[in-house]
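The values are calculated or read from the model by the stated rules, or taken from the named source; none is laboratory data. Being a predicted model, the structure only gives us computed values, none of them experimental. With ideal geometry, Cβ positions are generated from the backbone for all residues, glycine too; neighbour counts draw on all protein chains shown.
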Amino acid sequence: MSLHVNTKPAAAQKTARPKPPSRIKHYLTIALILVLLWASSKQTEASLPELITGMPNMWDLLKEMFPPRWSYFDNIVHGMLETIRMALIGTTIGAILAIPVSLLCAANLTRYRWLYYPSRFLLNLVRTVPDLLLAAIFVSVFGLGPIPGILALTVFSVGLISKLTYELIETIDHGPLEALTAAGGNYTQKIIYGVVPQIQANFMSFVLYTFEINVRAAAVLGLVGAGGIGLYYEATLGFLEYDKTSVIILFTLAVVLVIDYASTKLRERLL
Amino acid sequence: MNNIIIQKPKKNPYRWLVYAALLAVYIWAFSGVPFTGIKETAGTIMKSILTGLFEPDWDYVYLPDGEDLLRGLLDTLAISVLGTIISAVVSFPFAIWAARNRSRFRTVSGSGKIVLSFVRTFPELVMALLFIKAVGPGSFAGVLALGIHSVGMLSKLYAEEIESIDRGPSEALLASGANRFQQLWFAVLPQVLPSFLSYTLYRFEINVRSATILGFIGAGGIGTPLIFALSTRHWDRVGIILLGIIVMITVIDLISGAIRRKLV
């Protein structure tokens with residue numbers, strides 16, 4: 001019994017075989033990455049020996065962090081509550097301000113190109129500035145305390161929520177809007193009865209998502225003097241009290257994880 | 001002709017409770033913040049920062065001897081490039097650990113996911129503070145902080161990508177007697193590589209933003225001259241640094257976005 005699956009002669013099969021795809025692109029990519037790696041490690045003076053000699057320091061640090069000094073907990077509860085307050089207020093004000101901004105940026109509501117293109121451009125510029133940088137500037141303007149932190153989080157929230165919302169508004173169903181126009185609804189009525197019902201669940205979800213990010217951000221804003229629990233890092237690290245630092249880190253992690261979990265569950269219910 | 005009356009949708013009977021709770025939360029939040037103690041000079045400083053933005057200190061862009069804007073930005077860029085490459089390499093094994101379809105037991109991938117979410121919530125600035133204690137202040141501490149912190153997010157994205165691949169090639173290789181490494185190399189890697197690169201570029205965009213602020217705590221980059229200019233009230237220098245950061249981030253976002261659109 002002979003099973004001849006290959007009926008074609010060997011030579012014909014050889015010519016029919018497709019050429020493997022060119023690999024030049026892969027090699028170029030790898031070469032580019034290697035060049036970047038070499039150049040940036042030279043620029044940052046990164047060295048493996050330094051890391052290895054630093055390892056025992058690191059290990060000592062970790063050893064000193066444990067066990068955490070739990071008695072320090074009472075001192076930082078106030079800072080933690082301030083962190084949550086800052087995130088809450090910053091997100092709320094940001095969300096309220098984001099509503100008109102996103103209406104202005106949406107191409108299907110703002111018909112004028114000269115109006116929505118510049119608004120989007122400004123929004124993109126605002127979003128390039130990291131929140132901690134904003135906080136550092138606001139601290140030098142308004143002085144130390146939670147106010148500059150709240151302002152920084154507000155600006156950051158406006159940027160993020162507006163961007164997500166205007167992209168959502170551009171995808172809404174135009175039926176209700178046309179029906180409202182036909183029935184003689186004015187601009188405000190079209191927004192309230194035509195746009196809001198379509199986006200409110202998603203909008204709330206964006207706000208909660210921004211709140212999650214803001215809680216994380218607010219936890220480190222104190223490092224530049226903008227209030228919240230971050231103030232305590234420098235206080236404890238400066239005095240080499242690492243067992244207190246670990247309490248701050250663990251407390252922050254716990255609060256962030258709880259808020260993330262609650263917010264994710266809420267968002268799942270919303271959508 | 002009968003008119004059909006459409007019933008209004010029923011409202012949640014507990015909604016007033018929700019509103020009351022929200023109101024209580026907001027009263028708690030606003031009552032706890034001291035809305036006083038703003039510096040009287042706030043207005044003039046704001047004005048000088050804005051003037052600084054429009055009349056920046058152009059001389060600072062390039063100084064022949066040492067610390068200037070271009071070198072600061074280059075340092076920032078190098079920190080983010082190196083941090084991203086390190087995290088991409090470290091993320092790969094973590095992703096395989098956390099991917100559900102790469103291990104036989106749920107507990108293995110589950111434990112990987114918990115470790116990753118722990119890394120993700122650990123603030124990178126705090127990580128940078130700890131690395132400064134270990135290797136001393138400078139760019140290298142920033143590189144290590146970014147490299148480790150990014151693993152949390154990158155591995156999660158990588159793992160989700162691995163979970164969504166087509167099982168066909170993997171099974172075909174298994175049937176022809178390939179070992180686990182061969183399956184990984186010939187079936188998994190070709191499928192996930194474009195998305196991996198795209199995610200890495202996305203993380204790179206985030207890392208550039210983070211690297212601009214690492215200098216605030218002494219971990220290298222443009223943040224150090226910025227915080228110095230802020231505290232010595234060189235508003236025109238603050239202006240040029242801010243402009244430099246905004247231009248750099250915008251350009252990098254544009255380039256990286258274009259490459260990502262081509263990749264996926």
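Figures for the structure shown
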| read-out | value |
| --- | --- |
| Which listed residue is under 30 Å from A:Ser71 (Cα atoms) and polar (S, T, N, Q), from A:Ser205, A:Ser157, A:Ser263, A:Ser162 | A:Ser263 |
| Among the candidates B:Leu214, B:Leu242, B:Leu154, residue that is away from chain A (no Cβ under 12 Å), under 24 Å from the mean Cα position of the chain (by Cα), in a helix (DSSP H, G or I) and touching a residue at least 40 places away in the same chain (Cβ under 8 Å) | B:Leu154 |
| Subset tally (residues that are within 20 Å of A:Thr91 (Cβ to Cβ), surrounded by fewer than 22 Cβ atoms within 10 Å (Cβ to Cβ) and in contact with a Gly (Cβ under 8 Å, 6 or more places away or on another chain)) for region A:111-144 | 3 |
| Only listed residue being hydrophobic (A, V, I, L, M, F, W, C), at pLDDT 80 or above, loosely packed, with under 11 Cβ neighbours inside 10 Å and closer than 30 Å to B:Asn207 by Cβ, chosen from A:Ile33, A:Ile24 | A:Ile24 |
| Residue selected from region A:66-94 under the condition over 26 Å from the mean Cα position of the chain (by Cα) and among the hydroxyl-bearing types (Ser, Thr, Tyr), by the criterion surrounded by the fewest Cβ atoms within 10 Å (Cβ to Cβ) | A:Ser71 |
| Count - residues of region B:25-68 that are within 7 Å of another protein chain (Cβ to nearest Cβ), surrounded by 13 or more Cβ atoms within 10 Å (Cβ to Cβ) and small (Gly, Ala, Ser) | 3 |
| Matching option when the condition is away from chain A (no Cβ under 12 Å) and assigned to a helix (DSSP H, G or I), among B:Val143, B:Val119, B:Val126, B:Val108 | B:Val108 |
| Among residues of region A:47-75, those that are within 13 Å of another protein chain (Cβ to nearest Cβ) and touching a residue at least 60 places away in the same chain (Cβ under 8 Å), counted | 3 |
| Boolean, B:Leu77 is surrounded by 15 or more Cβ atoms within 10 Å (Cβ to Cβ), within 10 Å of chain A (Cβ to nearest Cβ), out of contact with any helix residue (DSSP H, G or I) (no Cβ under 6 Å at 6 or more places or on another chain) and at pLDDT 90 or above | yes |
| Any chance B:Phe181 is out of contact with any strand residue (DSSP E or B) (no Cβ under 6 Å at 6 or more places or on another chain), free of Cβ contacts under 8 Å to residues at least 60 places away in the same chain, among the hydrophobic types (A, V, I, L, M, F, W, C) and more than 14 Å from chain A (Cβ to nearest Cβ) | yes |
| Selection count where residues are of a type in the set (Lys, Arg) and within 25 Å of A:Ala217 (Cβ to Cβ), scope region A:54-88 | 1 |
| Residue identified as under 19 Å from A:Pro49 (Cα atoms), within 11 Å of chain A (Cβ to nearest Cβ), part of a helix (DSSP H, G or I) and out of contact with any Pro (no Cβ under 7 Å at 6 or more places or on another chain) among B:Ile86, B:Ile114 | B:Ile86 |
| Residue check for A:Gly222: in contact (Cβ under 8 Å) with a residue 40 or more places away in the chain, under 30 Å from A:Ile147 (Cβ atoms) and within 12 Å of chain B (Cβ to nearest Cβ) | yes |
| Among residues of region A:245-271, those that are touching a residue at least 12 places away in the same chain (Cβ under 8 Å) and of a type in the set (Gly, Ala, Ser), counted | 2 |
| Matching entry among B:Phe122, B:Phe118, B:Phe105, B:Phe131 (being aromatic (Phe, Trp, Tyr), touching a Leu at 6+ places or on another chain (Cβ under 8 Å) and either at pLDDT 90 or above or surrounded by fewer than 17 Cβ atoms within 10 Å (Cβ to Cβ) (or both)) | B:Phe118 |
| Pick from region A:82-107, criterion farther than 21 Å from A:Phe138 by Cα and in a helix (DSSP H, G or I), ranking: farthest from the other protein chains (Cβ to nearest Cβ) | A:Leu103 |
| Residue tally, condition away from chain B (no Cβ under 14 Å) and touching a Cys at 6+ places or on another chain (Cβ under 9 Å), over region A:118-140 | 1 |
| Complete set of residues in region B:217-239 that are under 18 Å from A:Thr44 (Cα atoms) and within 7 Å of chain A (Cβ to nearest Cβ) | B:Ile217, B:Gly220 |
| When residues of region B:217-239 are limited to those that are assigned to a helix (DSSP H, G or I) and surrounded by fewer than 17 Cβ atoms within 10 Å (Cβ to Cβ), the one nearest to the chain's Cα centre (by Cα) | B:Phe228 |
| Residues (among the hydrophobic types (A, V, I, L, M, F, W, C), out of contact with any Ser or Thr (no Cβ under 8 Å at 6 or more places or on another chain) and part of a helix (DSSP H, G or I)) located in region A:179-210 | A:Ala179, A:Leu180, A:Ala182, A:Ile191, A:Ile192, A:Val195, A:Val196, A:Ala201, A:Met204 |
| Selected residue (only one of A:Ser205, A:Ser162 is under 26 Å from B:Ile206 (Cα atoms), away from chain B (no Cβ under 12 Å) and surrounded by fewer than 24 Cβ atoms within 10 Å (Cβ to Cβ)) | A:Ser205 |
